[in-house]
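In what follows, a single structure is set out as structure tokens and then discussed.
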Amino acid sequence: MTTSEYNRCVHELSDSLYRFAWKSIGEAEEAKDMVQQAFTVLWEKRAEVPPEKGKSFLFTVAYRKCMDVHRARGRTTGTERLHENALTEAPRTNELKKILQQALATLDQQSRNLVLLKDYEGYSYEEIAGMTALNTTQVKVYLHRARKSLKNYLVSKEHVI
């Protein structure tokens, strides 16, 4: 990867990488740090990463860092923190976005990341499997369970859409 190809990755992918990190860990400043770290790792490995694999490489690094943050926080604390941030930082003008953020906060970290990678970022099952060290079947099963959980949350008496 040349310097200009790296700069193109920064220009094209920084927003979507930040969006993924913020939705995954729920803290804006940590998400910014995570994006910076992902681009640092890409810069250090630029000789080994072909330009067409830059996006996948960055999201793999970000996914792994999100999982590290989640493990460091502990399951309960991370979920509570994400739930609080979803209520305070989400745009207040769109009630649906708030409800979706709350629904995502009910998922465990791995399920939330899989949903974000597939449904928000548009990765294929095979690409997600490569990023997460899961096989394609596991990705499909975990996504099915996560979506079923989201559906149950969204159609519950409190959150009818």
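Readers should treat all values here as calculations from the given coordinates under stated rules, not as data from a laboratory. Just so it is clear, the structure is predicted and the values come from calculations on it, not from any experiment. As a convention, Cβ positions derive from the backbone with ideal geometry for all residues, glycine included, and neighbour counts pool all protein chains shown.
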Given pairs 32/65; 65/148; 32/55; 32/151; 23/118; 65/98 and cut-off 20 Å on Cα-Cα distance, the over-length ones are 65/148; 32/151; 65/98
Amide N proximity, segment 132-147 versus residue 53 label position 7 Å along Cα-to-Cβ, cut-off under 15 Å: 132-133
Full extension from residue 140 to residue 36: what is 0.36 nm times the residue separation minus their Cα-Cα distance, to one decimal in nm? 34.4 nm
In whole Hz, what ³J(HN,Hα) sequence does segment 137-143 give by Karplus (6.51, -1.76, 1.60; θ = phi - 60°), x for Gly and Pro? 5, 4, 4, 4, 5, 5, 5
Please report 155, 35, 69 as a ranked list, fewest other C-beta atoms within 10 angstrom at the top and most at the bottom. 155, 69, 35
Mind giving me the nanometre distance, one decimal, between the label points for residue 120 and residue 28, set 7 Å out from Cα along Cα→Cβ? 1.5
Yeah, segment 1-59 with a ≥ b ≥ c from its alpha-carbon gyration tensor (a/c under 1.5 is rounded, else prolate when a/b outruns b/c, oblate otherwise) is prolate
What is the order of 114, 154, fewest Cβ neighbours within 10 Å to most? 154, 114
For segment 119-127, Karplus-derived ³J(HN,Hα) couplings (6.51, -1.76, 1.60; θ = phi - 60°; whole Hz; x for glycine and proline) come out as 8, 8, 9, x, 6, 7, 4, 5, 5
Can you give me the C-alpha center-to-center distance between segment 124-147 and segment 1-48, rounded to a whole angstrom? 22
Taking 35 Å as R0, compute the FRET efficiency from the Cβ-Cβ separation of residue 71 and residue 2 and round it to 0.05. 0.50
